[in-house]
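Peer 1: What follows is a single structure, and I will ask about it in a moment.
The values are calculated or read from the model by the stated rules, or taken from the named source; none is laboratory data. Not measured: the values here are computed from a predicted model. Cβ coordinates were reconstructed from backbone atoms using ideal geometry, including for glycine residues, and neighbour counts include every protein chain displayed. Accessible surface is based on the protein model in full, side chains and every heavy atom, while ligands, DNA and RNA are left aside. Shrake-Rupley method; radii C 1.70, N 1.55, O 1.52, S 1.80 Å.
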Amino acid sequence: MIALCDSDGRRKLASFNQLSFGDYQRVLSNQEQWDKLGWPLDRKSFTDCLNELREVRNELMHFNDKDKAGEAAIPMLRNMIDLLREHAG
């Protein structure tokens with residue numbers, strides 16, 4: 001799985017703790033890795049949602065456009081948390 005995120009070894013990833021949000025997207029966008037989860041969810045919809053959350057996260061962490069991190073983001077974050085709790089155990 002780490003090979004998907006560091007195929008040339010330049011990042012020297014050694015553990016999952018070193019993965020970025022974008023790395024999680026890359027892994028979950030891979031059909032083979034997605035199938036291993038066995039989730040009854042649409043992979044494309046899930047990764048699209050992850051991309052939206054990544055944008056919100058980046059806006060917050062980099063103090064850019066606060067509009068993306070506004071009140072509309074709260075239900076989106078809660079929905080993702082609920083979804084992960086339901087399917088990830």
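Peer 1: State which residue is modelled with the lowest pLDDT when the search covers only region 61-81 and only residues that are open to solvent by less than 90 Å² (accessible area, probe 1.4 Å) and assigned to a helix (DSSP H, G or I).
Peer 2: Applying the filter and picking the extreme gives 69.
Peer 1: Okay, moving on. Are any residues in region 1-17 touching a helix residue (DSSP H, G or I) at 6+ places or on another chain (Cβ under 7 Å) and open to solvent by less than 70 Å² (accessible area, probe 1.4 Å), and if so, which ones?
Peer 2: The answer is 4, 5, 13.
Peer 1: Only one residue in 20, 29 is small (Gly, Ala, Ser), touching a Ser or Thr at 6+ places or on another chain (Cβ under 8 Å) and open to solvent by less than 60 Å² (accessible area, probe 1.4 Å). Which one?
Peer 2: After applying the criteria, what remains is 29.
So that you can scan it fast, the table gives a plain yes or no per residue for (1) touching a Pro at 6+ places or on another chain (Cβ under 6 Å); (2) without any contact (Cβ under 8 Å) to a residue 24 or more places away in the chain; (3) more than 19 Å from residue 80 (Cβ to Cβ); (4) part of a loop (DSSP other than H, G, I, E, B):
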site	(1), (2), (3), (4)
4	no, no, yes, no
8	no, yes, yes, yes
17	no, yes, yes, no
26	no, yes, no, no
32	no, yes, yes, no
39	no, no, no, yes
47	no, yes, no, no
59	no, yes, no, no
